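Bear in mind that the values in this text are calculations on the coordinates, not laboratory data. Please read all numbers here as calculations on a predicted model, not as lab measurements. Glycine also receives a Cβ, built like all others from the backbone with ideal geometry; neighbour counts cover every protein chain displayed.
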Amino acid sequence: MGRIFVVELEGRTYRCKFCKTHLALVDDIVSKAFHSRRGKAYLFTNAVNLTVGPPEERMMLSGMHTVADIFCCCCGQIVGWKYEAAHERSQKYKEGKFVLERVRIIDGLDSEFYVDTNPSISDAEDA
């Protein structure tokens, strides 16, 4: 097995929910109107730090497509799929693009830290 080189993106990013690895830039979103079995999904022109699974024929809501599942290269979690080929002319714009499932990614603005807004003891009570 080889060494993994992780790409750090500059700008507002979407990251793997499980390990926080950069996956895509907000500026690369084509559409937020996609859906997966787990809920909302976004279509991106580019994505990084992924491992692409084997292509397979899959019937989607928009018709038959050749797709490959995509996985975070660091933690191995499935994060969405890549459109390899579309069988209908109206769907050709999806070819080569990536769908990231919203439940499996976090926005770079999402808080990674828990802040307790209701502390049980304050410093003033120690006096």
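For the pairs K17/K92; K17/K94; K32/K94, note any where the Cα-Cα span goes beyond 19 Å. Walk me through the numbers before you get to the answer.
On the way: K17/K92 29 Å; K17/K94 24 Å; K32/K94 13 Å.
Pairs exceeding the cut-off: K17/K92; K17/K94.
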Inter-label distance, nm, simple model (7 Å from Cα along the C-beta direction), R12/D27: 1.2 nm
